[in-house]
Amino acid sequence: MQLFSRIGKIVFFLFQQNIKGDKIQRNIIKEKEKTDVKPSYITKGMLYSEKKTERYWEKEEESFMEQRATYQDCEIILDECTLTVRNSKIERVFRIGDEGIFSCALVNRNTGENWILESEENIFPVDCLEEKLIGISLAGEDDDDFGFGQRHLYGAVTMDYESFAVQLQFHVYPNLPLIRSRLFYKGNPRPANRCILDSLKLQEKHCEWENHFVRAITDYHNNLAQTENGLFYSKETALLTGTVLKIKRTLQNDCLVLIKEAPAADEQVRYPGYDFEIINKQVNAVAAGLDAAELTADEFIPLYGTAVGFCGGADLDFSFFMQDYHEARHRFQEEYDGAVFSNTWGDRNDGKNLCDSFLLQELDASSEMGITFYQIDAGWQTDEKLPNGARCWNLDGEKFPNGLATVSKKAEKLGITLGIWFEPFTFSDTDKVYAHYEEDIKTLTHFYRDYGARFFKLDGFQLLTYTASYRLEKMMQGVLANTNQNTFFNVDITNWPRTGLFGAGCQYGNLFLENRYTDWVNYYPHYTMRNLWQLANLVPTYRLQAEIPNVERNANRYEEDQPGDPLSPAVSGIAYAAACVLFASPLVWFEPSHMRLEQRQILGTIFSALAPYQNDILRARILPIGNVPNGACFTGFQAIADAAGGYLLFVKGKNANG
């Protein structure tokens, strides 16, 4: 049966159940008169190490030289008490001084319209300002976030006080109507219990809001995206739990988008009860403040970030904006974003089979199926610990007497990239601030250099504080720096407080979306497709690793649970299970060498047919089409590649007619 057919410049995939077979011009520039330059240091949140910069603050003469950083059409300008951040599409203006930081203007530079009035809300993260500002500086450079993001202008404004410092960081992308920002601070201030991350006071009265809530912790949740709507009303306060807030001017039919770059509500640090508040025409993104116990004199610690941007009023405009936003943070990488992965854990053997001979068989079977990335999950390591309780992370010598040399050599011969499972927080599972993150940098660098591992599944960690979240980010950056950006991460977001779908650090690879097992009768192909379908307008599907289990395992359990269930995995078939995730990052969630040959051949045929198109599909703009997947409807995805055409995936469910 032909699974793939080309019509014109559109490729259709139809599946049915039971199918067989400019370097920055570091312009702190054009000062009218450069006087008495004083060196300072600034910690760049998106870099692993500290950077040296220059400060132009003349307290004695009460004079201030304009500071400017530029890259292509992007600029950040600090001129006494005014901070301007802009490119050719968008501009933000802030008022900065002793009293704090206030948002003054947000301009759509395509139309020239300023959307906001000056906000009365202070986005300064300190409860009260009892100290005077003694210095302010701007540092900037072009940056691509270790090769994962689009090259853009990074800038940081540091405000120094006697006992603390606050830093406001920005990321501005050429020709994109998008500005990202994030607040850091260090020292000994009195942190606010609740912080306003961003504040926008709208000029237009006739607006409606659309709040998008997305969540992870998928071990306990299977409804990952929800939407609610409302109108702005002068006497109403709306407290919203969400991740992305779209504000539409109803008369002009255009939109402002505010994104909170944080995990979902149940994963955030000391969640304050809501993410966005709308009071009359005032819109705030909020979060808990830093715990004073986390602060030190020499390490900037961030709160959650935000992003703001413009798009047209149509649903398609919003979907395209969200894809542009994610593409700015994580560019599509052909090598692994457009690849088929395998992981040893899905058959629930708990790593008991892991050894040299088993992995050699696995690699042969994986190669036959067209798998190019093979993940060695838990079970490769010993349980040894040092006297201080730290895990040793030693390879099990009984299982691998020659180390991983034989396995690595075989993988290289077959063109398969190896990955290894790892739990951060080596020194203590209860280390709330991840104090020894540098030890994990050394461990993963060792895995890369000595075992040939190119990617790391991060699992089993809990981000209970802002400090832990930031140090996980720095751990990942440290590994990337040590490996010449030749590695990436597979971040497990299935349990505990972690990065979620939007948090810092999730950009450094792909996201392990869900654990689903036939053992517990909680896997159905349409469940997984439904999650992808509902997230597709908010998160590019190539970022989401989605499973294809061995559908023949535990067929008896499904029969006992629901006799004659037409949607059970075994009845639906392996081809249908694969079809549901083809427009995402497919994960072969079983041990390939232990699967029936016929089933492997079906998947091999599908992956082989998909391979010539996979990169084009996944780098395209993928949208959900048809009905929300429920196992009984006609559904699918559309990948808009360019003006000339694209790709369609149709999936037909069961119904009364078969």
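Longer than 26 Å from Cα to Cα, which of 246/457; 260/652; 201/260 are they? Say none if no pair is. Display every interim value, and only then the final one.
Details: 246/457 33 Å; 260/652 36 Å; 201/260 17 Å.
In this structure, 246/457; 260/652 exceed 26 Å between Cα atoms.
What does the charge dipole of the chain about its Cα centre add up to, to the nearest 20 debye, if the Cβ of each Lys and Arg holds +1 and the Cβ of each Asp and Glu holds -1? Walk me through the numbers before you get to the answer.
Details: 66 positive and 90 negative charges, 329 e Å.
Taking the Cα centre of the chain as origin, the dipole is about 1580 debye.
Per-residue HN-Hα couplings for region 544-559, Karplus 6.51 cos²θ - 1.76 cosθ + 1.60 at θ = phi - 60°, whole Hz, x for Gly and Pro?
Taking θ as phi minus 60°, the curve returns 10, 7, 10, 8, 10, x, 6, 5, 7, 5, 6, 4, 5, 5, 5, 5 Hz for region 544-559.
Among the aspartates and glutamates, which fall within straight-line cross-link reach of residue 442, defined as a Cα-Cα distance under 13 Å, with same-chain neighbours fewer than 8 residues apart omitted?
Cross-link targets: 450.
So how much accessible area does residue 433 have, in Å² to the nearest 10, using a 1.4 Å probe?
50 Å²
Residue 392 versus residue 162, label points 7 Å from Cα toward the beta carbon: distance in nm?
For residue 392 paired with residue 162, the spin-label model returns 5.3 nm.
Could you check how much of the accessible area of the chain is carbon and sulfur, as a whole percent, using a 1.4 Å probe? The partial results should precede the final answer.
Working: 11420 of 24780 Å².
After summing per-atom areas, the C and S share lands at 46 percent.
Find which of 251, 265, 295 sits farthest along the positive direction of the dipole of region 223-331, computed with +1 on the beta-carbon of Lys and Arg, -1 on that of Asp and Glu, about the Cα centre.
Selected residue: 251.
For the chain, what is the accessible area per residue in Å², given a 1.4 Å probe and the full set of protein chains? The partial results should precede the final answer.
Working: 24780 Å² over 658 residues.
Accessible surface, normalised per residue, equals 38 Å².
Short version: ³J(HN,Hα) in whole Hz for each residue of region 208-219, in order, from phi by Karplus 6.51 cos²θ - 1.76 cosθ + 1.60 (θ = phi - 60°), x for Gly and Pro, what are they?
Listing the rounded values in order: 10, 10, 10, 9, 10, 10, 10, 9, 10, 6, 6, 4 Hz.
Per residue of region 78-86, what does 6.51 cos²θ - 1.76 cosθ + 1.60 with θ = phi - 60° give for ³J(HN,Hα)? Whole Hz please, x for Gly and Pro, Karplus curve as stated.
So the Karplus estimates, Gly and Pro as x, are 10, 10, 6, 9, 10, 10, 10, 10, 7 Hz.
What do you get for trypsin sites (Lys or Arg not before Pro) in region 159-232 restricted to DSSP loop and a cutoff of at most 13 other Cβ within 10 Å of the site's Cβ?
Values: sites: 180, 182, 186, 194, 201, 205, 215; in loops: 205, 215.
When the trypsin sites (Lys or Arg not before Pro) of region 159-232 are filtered for loop state and at most 13 Cβ neighbours within 10 Å, 205 remain.
Return the distance in nm (one decimal) between the two label points of a simple spin-label model at residue 634 and residue 110, each offset 7 Å from Cα along Cα→Cβ.
The two pseudo-label positions are separated by 3.3 nm.
Which value results when the Cα radius of gyration for the chain is divided by 2.2 N^0.38 Å?
Numbers: Rg = 25.7 Å, N = 658, 2.2 N^0.38 = 25.9 Å.
Against the empirical 2.2 N^0.38 Å value, I get 0.99 for the chain.
Could you put 589, 520 in order of accessible surface area, largest first, with the 1.4 Å probe and the full protein assembly present? Please list the in-between numbers first.
On the way: 589 0, 520 145 Å².
These residues rank, largest area first, as 520, 589.
Search the structure for amide H atoms under 5 Å from the amide H of residue 222, placed 1.01 Å from N in the peptide plane, and list their residues when 5 or more places away or on another chain.
none
Once every DSSP H run of n ≥ 4 in the chain is given -39500 (n - 2.57) and the sum is divided by its residues, what mean residue ellipticity at 222 nm do you get, rounded to the nearest 500 deg cm²/dmol?
Working: 11 runs with 126 residues, N = 658.
-6000 deg cm²/dmol, from helical runs alone.
Given H placed 1.01 Å from N in the peptide plane, which residues other than close sequence neighbours of residue 416 have an amide H under 5 Å from its amide H?
Close amide H contacts, sequence-distant or interchain: none at all.
Would you list, by chain and number, the aspartates and glutamates whose Cα falls below 16 Å from the Cα of residue 205, excluding same-chain residues fewer than 8 positions away?
113, 118, 236, 254
State which entries of 385/474; 248/281; 132/186 exceed 21 angstrom in Cα-Cα distance in the structure shown.
Working: 385/474 24 Å; 248/281 12 Å; 132/186 16 Å.
Exceeds cut-off: 385/474.
Using modelled amide H (1.01 Å from N, peptide plane; none on Pro or chain starts), what sits under 5 Å from the amide H of residue 632, excluding residues fewer than 5 places away?
So residue 632 has HN proximity to 654.
With all protein chains present, calculate the accessible area of residue 598 using a 1.4 Å probe and round the result to the nearest 10 Å².
Estimated to the nearest 10 Å², residue 598 gives 90 Å².
The values are calculated or read from the model by the stated rules, or taken from the named source; none is laboratory data. Because the structure is predicted, anything quoted here is derived from the model rather than measured. So basically every Cβ, Gly included, is an ideal-geometry build from the backbone, and we count neighbours across all protein chains shown. In case anyone asks, the SASA skips ligands and DNA or RNA and just uses the protein heavy atoms, side chains included. Shrake-Rupley method; radii C 1.70, N 1.55, O 1.52, S 1.80 Å.
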